[in-house]
Amino acid sequence: MPQYKAPLRDMRFLLNDVFDYTSHYASLSNGGEATPDMVEAILEGAATFCEEVLAPLNLSGDQEGCHFENGNVTTPKGFKEAYKEYVAGGWQGLSHEVKHGGQGLPMSLNLLKAEMMGTANWSFTMYPGLSLGCMNTIMQYGTEAQKDLYMPPLVSGEWTGTMCLTEPQCGTDLGQVKTKAEPVGDGTYKLTGTKIFISAGEHDLADNIIHIVLARLPDAPKGTRGISLFIVPKFLVNADGSVGERNPVVCGSIEHKMGIRASATAVLNFDGAVGYMIAEPNKGLEAMFTFMNTARIGTAVQGVAHAELSYQGSLPYAKERRSMRALSGKKDAEHTADALIWHADVRRMLLIQKCVAEGGRAMIYHAAKLADNMVNGVLEGNKAKYEEFDDKLGFYTPILKGFLTEMGLEAANLGMQVFGGHGYIKEHGMEQIARDARISTLYEGTTGIQALDLLGRKVLLTTKGKCVREFTGDMLNLAKPNLLSGGALGKMARQLASRAIQWNVLTTRIMLRAAKDRDLVSSASVDFLMYSGYLMMAHFWLLQAQKASELLASGKGKEPADFYKAKIQTAEFYFERLLPRADGHKKSALAPTSAIMAMDAEHFTFQ
């Protein structure tokens, strides 16, 4: 199985050289404590925890899975001890307010930790990971009394949290939610209904689980305008914060899944469970989007995590395994065959994995700076600042979630391919990465849903293309200094500038066609998202290549020269081999809908 090693060199390169996080943190009202020494200590500490505690449980946790009996869930061997160590280390409260027991550090630092944890053991990471959205929702929409009661144990990790949206009859279409919330008259509500696919909905790691639940009041309007949001604890909480009697919310079963088998995905039955409203009546969906956007960015990290772990597994194998001679002649003359890494097709697969992991990491680290500023707007009570960065992040979120998870899945499959038949064998751990990666394109909104959000809502409806124009402006500004340069940087810069113009033209053409053919928005959306993702990643590869070139020329880089040369070479590979894929997506996005919509529904048969 892959022996996970935290990619600290690449993380430091992005934090210190590419994005100048030191200056970024200095500009934040909650960034004073995030000094370079503090950041380095967090990186080193998280790396040690992930490499020595979480990674060894990844394969065994998958093999054992979770156990369900009489409404109770037992996590795999070693998970409880690992979670206790996680809580003891204060990792859960890294980016939450000091008054609730947190360390008050910027949100992005928690994301750095989450990336390492997710790569080492995605199943384990989901237990504390789901709590973050729960905490963010309570912090933004809860009353002071609710914050004081629930936040301290959630921040410490003593309790965990969930999001309860999906029901048997509806997934993405939350307008069909049927769970009922009957007012009791004392400010509480009785919730009745069934929720499915609840990640970390039941387990034995924490003393209590705080469920954030969507439900309908008796007089609620139909559809999404009639959904309210409630806090429903597994165990009721006494006024002094102690755990009280069991609330009638019971785990009916856990799902038997393709992957992330050590993460319990529960069916929860609410049978008159006591709930407390959060946010305003019938406006629960708006509040829940705080939770959902947090989860979507977290899922984008999964794409990077699986690409990284797959690369870390397949690279050593490609250097050790021998098969045939390289077409260009003997490379390892002392052996009867050359190592796989000398074969061009194997290098292609390895470089795709490397492109996705390092390019995706750069995309997410940039978005994390936006998230820091958005959170600062909340902390400062600056609504305008919050909305500005929330809007910016809103454009990135569907691209990060949709594109990076699709690419992470491709990278995971390529990791198996490098191993050949051995990749299909459980003991090597490569097939587990592919199985774990598969869910990432489905939950928190499928790729199709992310694509509709991007094209239909963010681009066409809300901004009329402004979000694309703003980002392509950044692309042009990045490319300008090297437009007339020779060599690799000049070639990549000219390609990026050309693509920036092309992206705007494509957006305009879709807008004009969609005005006459509404089905075009749906038929073009996934291709538009993938096209956008390839161009966005190209932007961040050029950014990395330019910075690596600067450090090579100045000799001021902290890493060996080979590190920076590899950055530039990987960027060249991306522009030559992966960016051209955007052309196919562009052509498909502009194709007429007739080929999709012409066939009568009754003609779809399998005979």
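Extension gain for GLU44 to GLU280 (0.36 nm times residue separation, less C-alpha to C-alpha distance): 80.7 nm. Return the percentage of antiparallel bridges among DSSP beta bridges fully within the chain, rounded to the nearest 5 %. Taking every DSSP beta bridge with both residues in the chain, the antiparallel ones total about 80 percent.
Counting beta carbons within 10 Å around each of ILE297, ILE425 and listing the fewest first gives the order ILE425, ILE297.
Under the rule a/c < 1.5 gives rounded, and otherwise a/b versus b/c splits prolate from oblate, where does the stretch 446-593 land using the Cα gyration tensor? Judged from the Cα gyration tensor, the stretch 446-593 comes out prolate (a/c at least 1.5, a/b above b/c).
Listed values for the stretch 12-18 are Karplus-derived 3J(HN,Hα) couplings in whole Hz (6.51 cos²θ - 1.76 cosθ + 1.60, θ = phi - 60°), namely 5, 4, 5, 5, 8, 9, 7, and x replaces Gly and Pro. Counted by Cβ distance under 14 Å from ALA337, the other residues give a net charge of +2, where Lys and Arg count +1 and Asp and Glu count -1.
Proximity of backbone amide H atoms, modeled 1.01 Å from N, is registered between PHE235 and ILE209, ASN247 at under 5 Å, excluding neighbours fewer than 5 places apart on the same chain.
Where the centroid of each part is defined by its Cα atoms, how far is the stretch 301-362 from the stretch 576-603 in Å? Rounded to whole Å, the Cα centres lie 32 Å apart.
Exposure here means at most 11 other Cβ atoms within 10 Å; with chymotrypsin sites (Phe, Trp or Tyr not before Pro) in a DSSP loop as sites, the longest stretch of the chain lacking them is 1-603.
Close amide H pairs (under 5 Å, H built 1.01 Å from N) link ILE260 with ASP436, residues at least 5 positions away or on another chain.
For the chain, there are no membrane-span-like helices by this rule, meaning no whole DSSP H stretch whose C-alpha atoms cover at least 15 Å of axis and whose Kyte-Doolittle mean is 1.0 or above; this says nothing about an actual membrane.
Put the Cα centre of the stretch 23-37 next to the Cα centre of the stretch 196-265 and the gap is 36 Å. Label the stretch 433-527 by shape, choosing from rounded, prolate and oblate, from the square roots a ≥ b ≥ c of the eigenvalues of the Cα gyration tensor; if a/c is under 1.5 it is rounded, and otherwise prolate applies when a/b is larger than b/c, oblate when it is not. Since a/c reaches 1.5 but b/c is at least a/b, the shape of the stretch 433-527 is classed as oblate. Near ILE227, the amide H atoms lying under 5 Å from its own belong to GLY284, LEU285; only residues 5 or more places off or on other chains count, and H is placed 1.01 Å from N.
Summing charges over neighbours of ASN373, with a neighbour being any other residue whose Cβ is under 9 Å away from its Cβ, gives +1 when K and R count +1 and D and E count -1. Among the listed values (i) 73, 52, 49; (ii) 87, 59, 41; (iii) 79, 62, 58, the one computed from these coordinates for Cα extents along the principal axes in Å is (iii).
Read the figures in this text as sums done on the coordinates, not as results from a lab. Here the structure is a predicted model, which means the values were calculated and not measured. Neighbour counts run over all protein chains shown; Cβ positions are idealised from the backbone, glycine included.
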